[in-house]
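Asks: For reference, the structure I am asking about is given below.
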Amino acid sequence: MSRQLIIEKSKNSPPYQGGARGGLTIIAVLFLLLSTSFLHASSIPGGDENTGGTGETGGTGGTDGGPGGGPGDADQPASPVAVALANPSFDESNNNKELPGPNNWTPLTLFVGDNYIWDSEVKSAGSHSISIHRSRWNYGRWSSDELEVEGDGFQWYTLTGNVRAIGNNGEVYLAIAWFNTDGDMINTSDSPMLQTTDTDWISMSVNAMPPTGAAKLEVWCISNHNAGQTWFDALELTRTAFTTDNTVSYAQFLIDYPTHLLAIEANVMQVQELATKAKWTKEADFYNSDVQLSASRIYAEAAGITRKDTVFANVFSALYDDAEERAEALAAAKARFDGLIDDSLWHAVRTSEAGGDSEKAQEYLSILEDRGADIGPVGTTGGNDGNGNTSPPTPE
Ligand SMILES: [Ca+2]
């Protein structure tokens, strides 16, 4: 029995219609705004100009210029250039009569019923979106065709896209996956995870540099362990080059371009890159204590990254004249960073426990308590606790 891989939905009503064809409604989720509005104020293509909602949350909407337009650096880098991501709005067909779907995009799993949908009803731009449905016990993702990693110096890739969800209880996010010359995955650079159950189209993004040894990349639209349905549309990938005579790293970017807007992203990505590496380590074998302990050490390393308060202060002082606005935006940016540290510590606690080292777990827990973190989600079982902390998937 071979069930159709990709169902092109054009006749049936989608399960979630609310306001798709009118102006887009963007839910002003703070963490999303912080990750997107820094660099992409009002960035939803075709969206209503008034849907940004950045004002209420102290986001930086209105600061113009994108990654290349940072404040104050004498040595300004080039502006972002588009990376030729094929079929980024999923509107182009693969012209495959048996398995119709978007050209240049591949679902993770074949023959899984209606889990992967090429949707002509729910979309934010053009004629189609892609969707992942019912991945509760699985990983779920669409992958782009492979692209070459290009350029020397600091190469900041910015991936932005629109995401919509109903019944989300898993891990929904965008990622750039990096591969070495042998085609082995080195790591992924992950956007923040969607933290709402249901949402109309919202913009998500991630800014990242290729890890050492990266030769190829793929863009991934991800919905893991999710009983609900998620849509993706209108992706955009850009690259911004900065020269350096030094070895490329996030830490070095902070030294070379300390007043650029992306310096804050560099500080954030120092944590995120390690946390993502730890996540992949953890997921390689949930039931192997050595693997879990190894993951816990990487999470702890992530949590040990220092927030560069001078960088934060300098970047925001160049962005805001108004002291109150500046303080608000600064506090929000710091909270975003601190949230990542707390998350990493949480995972360090859990993976230490999973690895049988309760002493370490207690040590990380104490650090969390000292930080004044909300010690709420400990011991929650299953599903999404709001931080993408899903339990190990239960085998079917
Ligand atoms: Ca589209």
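Asks: Restricting attention to the stretch 215-246, and to residues there that are buried (at least 20 other Cβ atoms within 10 Å of the Cβ) and among the small types (Gly, Ala, Ser), which single residue is nearest to Gly167 (Cα to Cα)?
Replies: The qualifying residue nearest to Gly167 (Cα to Cα) is Gly228.
Asks: Report yes if some residue within the stretch 169-183 is within 16 Å of the ligand (Cβ to nearest atom), closer than 29 Å to Asp256 by Cβ and in a strand (DSSP E or B); otherwise report no. Steps first, answer last, please.
Replies: Our first condition is that a residue be within 16 Å of the ligand (Cβ to nearest atom); within the stretch 169-183, this holds for 174.
Narrowing the set further to residues that are closer than 29 Å to Asp256 by Cβ leaves 174.
Retained after the next criterion (residues that are in a strand (DSSP E or B)): 174.
Yes, there is a match, as at least one residue in the stretch 169-183 is within 16 Å of the ligand (Cβ to nearest atom), closer than 29 Å to Asp256 by Cβ and in a strand (DSSP E or B).
Asks: Can you find a residue in the stretch 111-128 that is within 16 Å of the ligand (Cβ to nearest atom) and within 25 Å of Pro210 (Cα to Cα)?
Replies: no
Asks: Given the structure, is Thr199 surrounded by fewer than 20 Cβ atoms within 10 Å (Cβ to Cβ) and either in contact with a strand residue (DSSP E or B) (Cβ under 9 Å, 6 or more places away or on another chain) or farther than 30 Å from Ser127 by Cα (or both)?
Replies: Numbers: surrounded by fewer than 20 Cβ atoms within 10 Å (Cβ to Cβ): no; either in contact with a strand residue (DSSP E or B) (Cβ under 9 Å, 6 or more places away or on another chain) or farther than 30 Å from Ser127 by Cα (or both): yes.
Here the answer is no, as Thr199 does not meet what is asked.
Asks: Turning to a different aspect of this structure: Within the stretch 141-181, can you find the residues that are of a type in the set (Asp, Glu), at pLDDT 95 or above and farther than 22 Å from Ala278 by Cα?
Replies: Result: Asp145, Glu146, Glu148.
Asks: Moving on to the next point. When you look at Trp137, is it farther than 17 Å from Glu236 by Cβ and either within 16 Å of the ligand (Cβ to nearest atom) or part of a loop (DSSP other than H, G, I, E, B) (or both), yes or no?
Replies: yes
Asks: Can you name the residue in the stretch 78-101 that is at positive phi and modelled with pLDDT of 95 or more and is also farthest from the ligand (Cβ to nearest atom) among such residues?
Replies: Asn87
Asks: Could you check the stretch 215-233 and list, in sequence order, the residues that are more than 16 Å from the ligand (Cβ to nearest atom) and in a strand (DSSP E or B)?
Replies: Result: Lys216, Leu217, Glu218, Trp220, Ile222, Ser223, Asn224, Gln229.
The values are calculated or read from the model by the stated rules, or taken from the named source; none is laboratory data. Just so it is clear, the model here is predicted, and its values are computed rather than measured. We place every Cβ from the backbone using ideal geometry, glycine too, and count neighbours over all the protein chains shown.
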